[in-house]
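All of the numbers you see were taken from the coordinates with simple rules; none came from a lab. All values derive from a computational prediction rather than experimental measurement. Please note: Cβ atoms are built from the backbone with ideal geometry, for glycine as well, and neighbour counts cover all protein chains shown.
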């Protein structure tokens, strides 16, 4: 009982292979335009790829290759898509909304109603059964939408940023609810929230430019990110390049010194990562063999807890408000970001991620 997909959409530069175990939830993350919506559209049958194959629990959803053009209609796929907006039928009661799925597959009414009441209870919405969608709050409507999706007994549940439209009070409740009802199911959740990935997913997949650039357990991806996007989620500075001695060599010819837990063969794709808290800001260059110094121009200053986050050259540094004032930091000012080699982690990446991805504007050494 598994799901597998390989699909290519040439016009969108999309080429993805993905599989799920029988009770696995996978979080798909990535920047806007990475291909997340394309992935869901292909799985749900709303977009026909140029080539590929998908199977769900032994059933072929599509098989598009030379001499083979199998295509299963969306309503026969055994998938359920939960969008950002609940999209409940306004003319039906909550109970009839949830019963719609089983009724549409031929289930007799009393059994469909029984199943609907079961799932309304599971999402703590039994008391809403007689209401119309217009009488629900955003959080209530989204819980009902979850019940409606599960009442259809899908083999694969697709959740497209289900917490995105909720307020700060409703989102935690729905997150806890999903944690419970997704247990033992196959599900894919698109999210921009690290907390969703950590709480709900067994595995995280990072999409960039229509390709999977990294995947693995959520904590592992965040601890040792192998893409600029994942590093941003983890709050780390991330510089890609190739391994060279005790550090990396960037595409601009800059050597960044650091330390690696495991030896990396010279010339292999690698990255240097370090937290903004490890970066010191100077108006003049600071020299010394154990230090890396980057000449950068400040683009933004923003609050970050009790500190000020200084963004410059695609990198970030955290300084105290007093230090920011003493240095006279302002957007447009050229400064030097300095970080000790001991604070820089260097590790091998799966590919050279500097091609086609937004990377720091690290100048070459002078």
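For segment 3-219, the convex hull spanned by the alpha carbon atoms encloses 122 Å³ per residue. Taking the DSSP beta bridges with both ends in segment 3-219, the antiparallel portion is around 65 percent. Using a Gaussian network model of the chain in which every pair of alpha carbons under 10 angstrom is joined by a spring, one finds that among 223, 161, 214 the greatest mean-square fluctuation is at 223.
Of all DSSP beta bridges located in the chain, what percent are antiparallel, nearest 5? It would help to have the intermediate numbers written out before the result.
Working: 64 of 81 bridges.
Beta bridges within the chain, antiparallel portion: roughly 80 percent.
Using Cα springs under 10 Å in a Gaussian network model of the chain, which residue among 121, 317, 270 shows the largest mean-square fluctuation? Of 121, 317, 270, the most mobile in the Gaussian network model is 121.
Per residue, the convex hull spanned by the Cα atoms of segment 226-348 measures out at 103 cubic angstrom. Our helix-only sum for the chain, with -39,500 (n - 2.57) per DSSP H run of n ≥ 4 divided by its residues, gives a mean residue ellipticity at 222 nm of -7000 deg cm²/dmol. The alpha-carbon atoms of the chain, seen along their principal axes, cover 78, 54, 33 angstrom, with the largest extent given first. Rounded to the nearest 10 degrees, the inclination of helix 138-151 to the longest alpha-carbon principal axis of the chain is 60 degrees.
If you plug the beta carbon distance of residue 37 and residue 126 into 1/(1 + (r/R0)^6) with R0 = 41 Å, you get a FRET efficiency near 0.80.
Between residue 169 and residue 59, the FRET efficiency estimated from the beta carbon spacing at R0 = 51 angstrom works out to 0.80.
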